[in-house]
Amino acid sequence: MRSWAPHEGSFHGWLISHGEAISIPDYLSVRENGKVIYRPTCHYAYHPCDDAVLSLQEFAGNGWRFPPRQRLLRDEIDSGFDELGVLLMGHKKGAYWYGSQLGIDEARRLCPHNNATSLQVNAPYVAAIVWALKHPRAGIVEPDELDYQALLDMSVPYLGKLVGVYTDWTPLAGRGSLYPDDIDPSDPWQFRNFRVT
């Protein structure tokens, strides 16, 4: 999928299955007489570090068989930076990205033996566990139904710099210059314009 982040700029990310990709459009759907007349597209595009991409290509080239030796990198990671956020697109101002920018050095200062991604993912996860412990009778709830302010209050100290940025980026940027591309130039926000084929 095509996407954008402030530091990285335009990038190709993997489309990752995520519960919120279903629940958020449900919450934001517009209905008339019980019929959905508008439902936004929501997806999760993820681009791991270059070495992880190389490992994925090697894994695919090996017929999706795990290598005989596996290891989890921890202290060997000596540099890096991660952007984890939401890109809201298709409104009058184009697109708006809001999220966390966190480097490896700050992540290790905040929580030793971690990296940026592990903190950006696990700080809200732990905050959700704390919320659940404080609300034992809440039952099963979607992540979208949790008290976001309480979770943010617990998570923000571990997320590095929180950034909000407007951009004029669209998934049509740089398209069609080398060869004809299957795009819908009349509406840059159509799903087919995000697909990488």
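The values are calculated or read from the model by the stated rules, or taken from the named source; none is laboratory data. Computed from a prediction, not measured in an experiment: that's the story for all the values here. In this analysis, Cβ positions are derived from the backbone assuming ideal geometry, glycine residues included, and neighbour counts consider all displayed protein chains.
Looking only at helices (runs of 4 or more DSSP H) that lie completely in the range 79-172, which have at least 1 residues being modelled with pLDDT of 95 or more and among the β-branched types (Val, Ile, Thr)?
Result: 116-134.
Looking at the range 93-109 only, could you name the residues that are surrounded by fewer than 17 Cβ atoms within 10 Å (Cβ to Cβ) and either touching a residue at least 60 places away in the same chain (Cβ under 8 Å) or more than 23 Å from Val165 (Cβ to Cβ) (or both)?
Lys93, Gly94, Tyr96, Tyr98, Arg108, Arg109, listed by residue number.
Going through the range 172-195 one residue at a time, which ones are touching a Lys or Arg at 6+ places or on another chain (Cβ under 9 Å) and more than 18 Å from Phe11 (Cβ to Cβ)?
Residues satisfying the conditions are Asp182, Asp184, Pro185.
Identify the single condition in (1) out of contact with any Phe, Trp or Tyr (no Cβ under 7 Å at 6 or more places or on another chain); (2) surrounded by 14 or more Cβ atoms within 10 Å (Cβ to Cβ); (3) of a type in the set (Gly, Ala, Ser) that Gly63 does not satisfy, given that it satisfies every other one.
Tallying (1) out of contact with any Phe, Trp or Tyr (no Cβ under 7 Å at 6 or more places or on another chain); (2) surrounded by 14 or more Cβ atoms within 10 Å (Cβ to Cβ); (3) of a type in the set (Gly, Ala, Ser), Gly63 fails exactly one: (2).
Please list, ordered by residue number, the strands (runs of 3 or more DSSP E) wholly in the range 14-55 having 2 or more residues that are charged (D, E, K, R).
Those strands (runs of 3 or more DSSP E) span 30-32.
Can you find a residue that is touching a Cys at 6+ places or on another chain (Cβ under 7 Å), closer than 28 Å to Thr197 by Cβ and surrounded by 12 or more Cβ atoms within 10 Å (Cβ to Cβ) anywhere in the range 25-34?
yes
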